Amino acid sequence: MEADDVSVREQLFHNRVRETIICVLLFTCLYIVSYLILTHFKKTAEFVTDDIEDATVNKIALWLCTFTLSVAVCAVLLLPISILSNEVLLTFPQSYYMQWLNGSLIHGLWNLVFLFSNLSLVFLMPFAYFFTESEGFAGSKKGVMARVYEAVVLLLLLALLVLGIVWVASALLHDNIARKSLYDLWEYYLPYLYSGISLFGVLLLLLCTPFGLSRMFSVTGSLLVKPRLFEDVEDTLSCTTFEEDSLSRKLNCGSTSCWVKLNMEAMKKEYQTVRSKRIALEMRRKASPWQRNLGYPLAMLMLLALTVMCVLMVCFNVLELLLDETAMPRGMEDPHLGMASFSMFGSLGAAVQVVLILYLMVSSVVGFYSSPLFTSLLPRAQDTNLTQIIANCVSLLILSSALPVFSRTLGITRFDLLGDFGRYNWLGNFYIVFLYNMLFAGLTSASLIKTVTWAVQRELIRAFGLHRLPLTVSRSTVPFRLLLASGLSKIQ
């Protein structure tokens with residue numbers, strides 16, 4: 001009997017060590033990738049300065065930002081890893097090499113991501129900001145530790161302020177519970193704070209994702225070579241090259257002309273616009289006929305199919321919410337991997353779910369940076385200061401940590417939320433979940449219809465040469481039959 005107990009304890013110990021090693025290896029890889037991304041965008045002048053103290057502080061803050069970004073990437077991969085792990089165990093149920101992939105590992109990964117994401121949002125990122133802005137208390141000895149003391153004091157004051165706001169909010173909403181649990185900080189107030197943060201992230205995804213789904217068409221189109229029906233690329237390229245050379249000569253001889261001096265900034269902007277147009281035309285000329293005529297339509301059709309699929313799945317989830325209580329998002333303690341597929345279409349449906357989850361995350365990031373409120377946060381290569389890096393890491397972590405709740409609420413996947421992700425207070429409210437699904441379906445449909453109609457009209461106008469009309473003519477009032485007549489006359 002004692003030998004059996006020892007063997008069981010040894011097995012539990014080996015399982016825990018194996019899970020720890022796997023999580024450490026995964027997080028190390030994500031940390032390296034995140035560090036490479038941040039070093040690509042950071043402003044080098046802030047880290048290579050004569051002041052050793054400032055350089056040290058900036059490096060420490062950059063390490064904290066790297067940790068936060070790696071947690072955000074891991075949060076994005078939570079649902080895809082869980083869904084694919086279940087399908088792998090279904091495909092190879094008795095494989096010796098897949099024994100390390102189990103429910104305990106996935107559950108532990110969810111708990112770690114929840115812990116580190118809240119740790120980064122509540123402590124690490126505020127500390128990094130205060131640390132970079134602090135100079136030490138007046139009269140104290142200057143140095144890195146003086147900045148640490150000031151940052152810690154400011155962080156404690158901020159924590160007291162936030163906890164006070166949470167206590168007031170809980171007292172207004174749940175008066176009896178707030179009175180009984182005044183000293184119950186860990187069991188009530190921190191989960192209440194996490195629930196509010198998750199609700200904010202899910203609402204931010206609701207606003208950014210539909211806008212990002214519509215923006216994905218223009219962003220993808222800017223990266224691909226668009227087909228042109230009646231445009232002579234060589235002629236347009238020669239004209240653009242001549243215009244670029246003319247502007248370049250004016251800029252070079254600007255010192256001899258007072259008028260050119262006054263308009264130097266406008267000429268520089270015009271030169272950059274013409275130069276980018278010339279580069280795009282050269283790309284079109286070098287592109288193969290397949291890439292020029294087939295790549296762009298296929299990419300647009302794929303984006304359209306993914307967006308329509310998301311809307312249809314959300315509409316189907318709305319019907320299930322009205323008819324079946326199990327469609328409500330909820331948490332579970334044991335994932336039971338390898339028992340049944342989380343999609344009615346098997347492995348193919350699970351793969352589609354993973355693609356849709358990643359597509360929604362990319363769309364939400366595109367919509368976030370395309371919105372007028374957050375356009376200034378858009379990072380630039382080798383020209384992003386540390387404050388902007390901190391703000392970007394916080395924004396991406398809020399979006400990514402809300403992605404599992406967002407995907408399960410919309411019915412994109414049937415994989416229930418693990419750990420503390422399924423303990424949010426508002427998840428059990430039918431009216432909030434139902435209204436959220438309706439708003440997402442409505443906003444996405446409206447954005448998609450507007451984007452497709454305007455894009456088709458713009459491309460037809462450009463293809464038939466009507467974009468050269470004088471500004472006094474309203475191009476939006478050009479009838480469709482005029483477009484067809486213009487095209488037929490050019491063909492003839």
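The values are calculated or read from the model by the stated rules, or taken from the named source; none is laboratory data. Only a predicted model underlies this, so the values are computations on that prediction, with no experimental measurement involved. All Cβ positions, even for glycine, are placed from backbone atoms using ideal geometry, and neighbour counts span all protein chains on display. Accessible surface areas use protein heavy atoms only, side chains included; no ligands, DNA or RNA. Shrake-Rupley method; radii C 1.70, N 1.55, O 1.52, S 1.80 Å.
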Check: Hey, if we sort Met328, Met344 by accessible area with the 1.4 Å probe, largest down, what's the order?
Finding: Met344, Met328
Check: Give me the log10 of I(q) over I(0) for segment 313-433 at q = 0.13, 0.21 Å⁻¹, as the Debye formula computes it from C-alpha points; what are the numbers?
Finding: -0.65, -1.23
Check: What part of the accessible area of segment 372-421, given as a whole %, is carbon or sulfur when the probe is 1.4 angstrom?
Finding: 65
Note to self: Leaving ligands and nucleic acids out of the surface, order Trp63, Trp110, Trp100 by accessible area at 1.4 Å, largest first.
What the structure shows: Trp63, Trp100, Trp110
Note to self: How would segment 12-92 be classified by its alpha-carbon gyration tensor: rounded, prolate or oblate, with rounded meaning a/c under 1.5 and the a/b versus b/c comparison settling the rest?
What the structure shows: prolate
Note to self: Between Val88 and Thr28, what is the label-point separation in nm under the 7 Å Cα-to-beta-carbon projection?
What the structure shows: 1.8
Item checked: Contour excess over end-to-end distance, with Cα ends at Ser371 and Ala446 and 0.36 nm allotted per residue -> 25.3 nm
Note to self: What distance in nm separates the two pseudo spin-label positions at Lys59 and Met438, each 7 Å out from Cα along the beta-carbon direction?
What the structure shows: 5.7
Notebook entry, point to check: Which FRET efficiency value, to the nearest 0.05, do you get for Asn111 and Ala171 by plugging their Cβ-Cβ distance into 1/(1 + (r/R0)^6) with R0 = 41 Å?
Noted result: 0.85
Margin query: Using the Karplus curve 6.51 cos²θ - 1.76 cosθ + 1.60 with θ = phi - 60°, what ³J(HN,Hα) values do you get for each residue of segment 368-381, in whole Hz, with x for Gly and Pro?
Written below: 5, 6, 8, 6, x, 6, 10, 5, 5, 7, 4, x, 10, 4
Notebook entry, point to check: For labels at Asn15 and Arg380 in the simple 7 Å Cα→Cβ model, what's the distance in nm?
Noted result: 5.4
Next item on the list: Would you mind checking which residues have amide H under 5 Å from Leu101's amide H? H placed 1.01 Å from N; only 5 or more apart, or other chain.
Entry: none
Next item on the list: Work through the residues other than Val17 whose Cβ is under 14 Å from its Cβ and net out their charges, Lys, Arg +1 and Asp, Glu -1.
Entry: +1
